[in-house]
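Report on the structure given below.
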Amino acid sequence: MACLGLYCGKTLLFKNGSTEIYGECGVCPRGQRTNAQKYCQPCTESPELYDWLYLGFMAMLPLVLHWFFIEWYSGKKSSSALFQHITALFECSMAAIITLLVSDPVGVLYIRSCRVLMLSDWYTMLYNPSPDYVTTVHCTHEAVYPLLCLPIHNISIIFGYSGCVHVSF
């Protein structure tokens, strides 16, 4: 049976030497995307320049927002505002490092990436096939891995830290 849709693929269930057994068509696991033959393949490439620029922007955005609101609410210039700026820089830097360390591969400051091939790679949920126009085969996954999950993890770590430390004071 052929896989329908752009992002549906068959996952590798078992590999013994040259024998490979694949499962039914469906969503690819996290960190994988379909190839031209509709098999789920792991993302093994390193990010391109524009991927790094996007991830850098998404990592800097919380820091800039921190600094903006420190300036907004500090009123007059004071030494406590400078300390808050330094603390915000430390918090966002540590969150970025922790995000890289907990992402796959775990414990290494390295990112595996899937190449962005088409604009539709960012919007996989819009390309779920409906073979009989009634039921939908859900094949939504992160085809641009890790460009969606890393910023979410980074912001979650920042919010978690802020909720634990800043609220208690």
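Some points to look at:
- Approximate shape of the chain as ellipsoid semi-axes (Cα gyration tensor, √5λ), whole Å, largest first: 41, 17, 14
- Restriction of the trypsin sites (Lys or Arg not before Pro) in the stretch 1-98 to DSSP coil positions whose beta-carbon has at most 15 other beta-carbons within 10 angstrom yields Arg30, Lys76, Lys77.
- The distance linking the stretch 1-79 with the stretch 92-143 is 3 Å (Cα centroid to Cα centroid, whole angstrom).
- Under 5 Å, built H, 5+ apart or other chain: amide partners of Gln32: Cys43
- Long-range tail of P(r) for the stretch 1-57 (Cα pairs > 15 Å, %): 57
- Built amide H within the under 5 Å cut-off of Arg115, gap 5+: none
- Cβ-Cβ FRET estimate between Glu24 and Glu45, R0 fixed at 25 Å, reported to 0.05: 0.40
- Karplus (6.51, -1.76, 1.60) ³J(HN,Hα), θ = phi - 60°, over the stretch 5-11, in Hz, Gly and Pro reported as x: x, 6, 10, 7, x, 9, 8
- Solvent exposure of Leu4, expressed as accessible area, is near 80 Å², computed with a probe of 1.4 Å over the protein chains only.
- Orphan Cys of the chain, criterion: no other Cys C-beta under 4.7 Å: Cys92, Cys149, Cys164
The values are calculated or read from the model by the stated rules, or taken from the named source; none is laboratory data. What you see is a predicted model; the values in this text were computed from it and never measured. All Cβ positions, glycine included, derive from the backbone under ideal geometry; neighbour counts span all protein chains shown. SASA here: full protein model, heavy atoms, side chains in, ligands and nucleic acids out. Shrake-Rupley method; radii C 1.70, N 1.55, O 1.52, S 1.80 Å.
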